[in-house]
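All remarks here apply to the structure that follows.
The values are calculated or read from the model by the stated rules, or taken from the named source; none is laboratory data. What you are looking at is a predicted structure, and each value in this text was computed from that prediction instead of being measured. Every residue, glycine as well, gets a Cβ built from its backbone with ideal geometry; the counts of neighbours run over all protein chains shown. Side chains included, ligands, DNA and RNA excluded: accessible areas come from the protein's heavy atoms. Shrake-Rupley method; radii C 1.70, N 1.55, O 1.52, S 1.80 Å.
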Amino acid sequence: MTTFEHTRRACYTGSFTQAIVNNLAPLLFIVFQTGYQVPLEMLGRLVLLNFATQLVTDIVAVRYADRIGYRVPLVLAHALSAVGLVSLAVAPAVVPSPYLGLCLAVVVYAVGGGLLEVLVSPVVDALPSPAEGKAAQMSLLHSFYCWGQVAVVAGSTLLLAGIGQDAWQILPLVWAVVPLVNVVAFMKVPLPATVPDEHRTSLKALLSAPAFVAAIVLMLAAGAAELTMSQWSSLFAEEGLGVSKVWGDLAGPCLFAVLMGIGRIVYGLWGERIPLVPAMIFCGALATACYLVVCLSGDPIISLIGCAVCGLAVSLLWPGTFSLASARFPLGGAAMFGMLAVFGDAGGAVGPWIAGAAADAAGTGETVLRRIAELLPDDGGSGLRTGLTVATVFPLVIVVVTLLYGAAARRSVVAVHGESGEEVISR
């Protein structure tokens, strides 16, 4: 007999699956480049196609998820993830253009990944809460994305080294087993009911509430703060710090993901003892400090430590914002989580782009950014220190907005006494 604990574990596996579909293809870019003669710009389009498809899926799911229920879209999400991964191995060989085959595979599994992002969080939030509380469970859920990222990077690298690049098709076939198994799980596990239309807080009401607007800003900044450091850390280590690619990958995105996962597990286990708002303020301040250490330190080792510790610092920002919104708007439903996911993805897309654009601008003309670059330690002419300096604004926004959110929440809690003399808390 299945229980809600089985449901929770299936959601953890769903988060792990999302990490697979987001991180596997980039590890194979060198294979696609040499095997199919795909230029770098077209490889970059695959990343853009993945996240653009997920964004569109998020927006569509926001409209229909609460009406359909959780089971059908969750089963569909895992089925599409599995089919997309299998297609990644098969489609380039059977479609007239290998690149078109790659694009088709990316679109299929990206739809699955987008559905997972919208659905697993509200399911976990709606489950009966264990002793450690909802915020802790949300943090634990999102830690499985980190472990999925670590597993994909480390496992795929080792497997590819063992079987050789010519047999790379085995990799997506192996990873497709994970969502395929979870299809069966979500056919059986009990799922909570979605919030009915007549009880659900409408998107119009949410968007008119200052607290939800603050949550949107937090999601934008959280996505930008997390993805900017994660995406640029490897290249920064190699070009800006002179570290080899192997060590750059291990000390950059891999260790970043490890520490991010550890941070989420720690809060998942002991988060009930730690107030969420002060914890997010601390994490935002620590992330700001990490960005500054990376940008200002002339010592490569200290800069790499800053990159890695930033993973720990940003660990709570994304799931913490989900938990703040859920506590403030308990009837927001899947639509609320989907809307927040849209803005989190937008921040994750825009943040790295802003850092890259600032890095390019630092190397051209007599601009303010060029003058900033002249004040920073040498980065081999890449301009990445300047780009990351500009990106420091993202964790700073987290600190400021969370401080304002906490102050507003304290003012909105009014203690009144009814006729019975019992204290009532209203918001």
Conditions (1) open to solvent by 20 Å² or more (accessible area, probe 1.4 Å); (2) under 19 Å from Gln231 (Cα atoms): number failed by Pro278: (2)
Selection within region 25-41 - open to solvent by 50 Å² or more (accessible area, probe 1.4 Å) and among the hydrophobic types (A, V, I, L, M, F, W, C): Leu27, Ile30, Leu40
Pairs where the first residue, in region 11-28, is farther than 17 Å from Leu76 by Cα and the second is open to solvent by less than 20 Å² (accessible area, probe 1.4 Å) and hydroxyl-bearing (Ser, Thr, Tyr), C-beta under 6 Å, 6+ apart: Leu27/Ser156
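Condition check ((1) open to solvent by less than 30 Å² (accessible area, probe 1.4 Å); (2) of a type in the set (A, V, I, L, M); (3) modelled with pLDDT of 80 or more) across all residues:
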position: Phe337; (1), (2), (3): yes, no, yes
position: Phe343; (1), (2), (3): no, no, yes
position: Leu369; (1), (2), (3): no, yes, no
position: Leu375; (1), (2), (3): no, yes, no
position: Asp378; (1), (2), (3): no, no, no
position: Gly381; (1), (2), (3): no, no, no
position: Gly387; (1), (2), (3): yes, no, yes
position: Ala391; (1), (2), (3): yes, yes, yes
position: Pro395; (1), (2), (3): yes, no, yes
Any hit, region 106-121, residues being open to solvent by 20 Å² or more (accessible area, probe 1.4 Å) and more than 16 Å from Gln54 (Cα to Cα): no
Helices (runs of 4 or more DSSP H) wholly inside region 256-328 that include at least 1 residues being out of contact with any Cys (no Cβ under 9 Å at 6 or more places or on another chain) and aromatic (Phe, Trp, Tyr): 276-296, 317-328
Subset tally (residues that are of a type in the set (S, T, N, Q) and without any contact (Cβ under 8 Å) to a residue 24 or more places away in the chain) for region 319-343: 0
Number of the exception - Leu80 against (1) open to solvent by 90 Å² or more (accessible area, probe 1.4 Å); (2) without any contact (Cβ under 8 Å) to a residue 40 or more places away in the chain: (1)
Hits in region 184-206 - residues which are at pLDDT 85 or above and either more than 30 Å from Ala105 (Cα to Cα) or crowded, with 18+ Cβ neighbours inside 10 Å (or both): Ala185, Phe186, Val189, Pro190, Leu191, Pro192, Ala205, Leu206
Some residue of region 346-360 being outside any helix (DSSP H, G or I), without any contact (Cβ under 8 Å) to a residue 12 or more places away in the chain and under 25 Å from Gly114 (Cα atoms): no
Per-region count, region 155-173, residues hydrophobic (A, V, I, L, M, F, W, C) and open to solvent by 40 Å² or more (accessible area, probe 1.4 Å): 6
Test result for Leu250, modelled with pLDDT under 90 and open to solvent by 20 Å² or more (accessible area, probe 1.4 Å): yes
Number of the condition not met by Arg9 [criteria: (1) more than 21 Å from the chain's Cα centre (by Cα); (2) at pLDDT 80 or above; (3) not hydrophobic (A, V, I, L, M, F, W, C)]: (1)
Count of region 43-61 residues which are touching a Leu at 6+ places or on another chain (Cβ under 7 Å) and more than 22 Å from Leu340 (Cβ to Cβ): 1
